[in-house]
Amino acid sequence: MTVHYLLNCYNNQILVKQVDGEAEAFHVNIQSNSNPLSFGNTLYAASTKEQAVRIANQLCAFYSMARVNGYRLEGTTFRGENKPDIAVEDVLKVERTKDEMHELLQRA
């Protein structure tokens, strides 16, 4: 496994890693800073490193907005009290601007 990108985001790290034997699969993972020996949960798989880095940055931006709006990340779902769930895949499957991500939170 090779880590290609590492991003600090709140009390977490978002990693882009390539698993040995999977030449065309770049995983976007999130892990807690309190458990740095783990490689966290895989939230998305991209076909290129560039796409995975873009997704990692988008994940951090949305995660930051979601936290401010009362959401927390549980597994592969953003959850908030008295708020509808938002699947991580729905956030990351298309490239979104910050305005589009904010609108996604407001619609939820």
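The values are calculated or read from the model by the stated rules, or taken from the named source; none is laboratory data. As the structure is a prediction and not an experimental result, all values here were calculated from the model. In this analysis, Cβ positions are derived from the backbone assuming ideal geometry, glycine residues included, and neighbour counts consider all displayed protein chains. Surface accessibility is based on the protein's heavy atoms, side chains included, excluding ligands, DNA and RNA. Shrake-Rupley method; radii C 1.70, N 1.55, O 1.52, S 1.80 Å.
Points to keep in mind about this one:
- Exactly one residue out of Val19, Val28, Val53 is of a type outside the set (Ser, Thr, Tyr) and touching a residue at least 60 places away in the same chain (Cβ under 8 Å), and it is Val28.
- Matching residues in the range 13-26 - criterion: being part of a loop (DSSP other than H, G, I, E, B) and open to solvent by less than 80 Å² (accessible area, probe 1.4 Å): Val19, Glu22, Ala23, Ala25
- Filter result (open to solvent by less than 50 Å² (accessible area, probe 1.4 Å) and either more than 23 Å from Asn41 (Cα to Cα) or in a helix (DSSP H, G or I) (or both)) within the range 65-108: Met65, Ala66, Val88, Val91, Leu92, Met101, Leu104, Leu105, Ala108
- Taken together, Asn29, Asn57 contain a single residue that is within 22 Å of Leu6 (Cβ to Cβ) and outside any helix (DSSP H, G or I), which is Asn29.
- Residue match in the range 1-10 (condition: open to solvent by 80 Å² or more (accessible area, probe 1.4 Å) and modelled with pLDDT of 90 or more): yes
- The residues of the range 32-54 that are assigned to a strand (DSSP E or B) and either aliphatic (A, V, I, L, M) or closer than 23 Å to Glu103 by Cα (or both), listed by number, are Leu43, Tyr44, Ala45, Ala46.
- All told, Tyr5 falls short of being part of a helix (DSSP H, G or I), touching a residue at least 40 places away in the same chain (Cβ under 8 Å) and of a type outside the set (Val, Ile, Thr).
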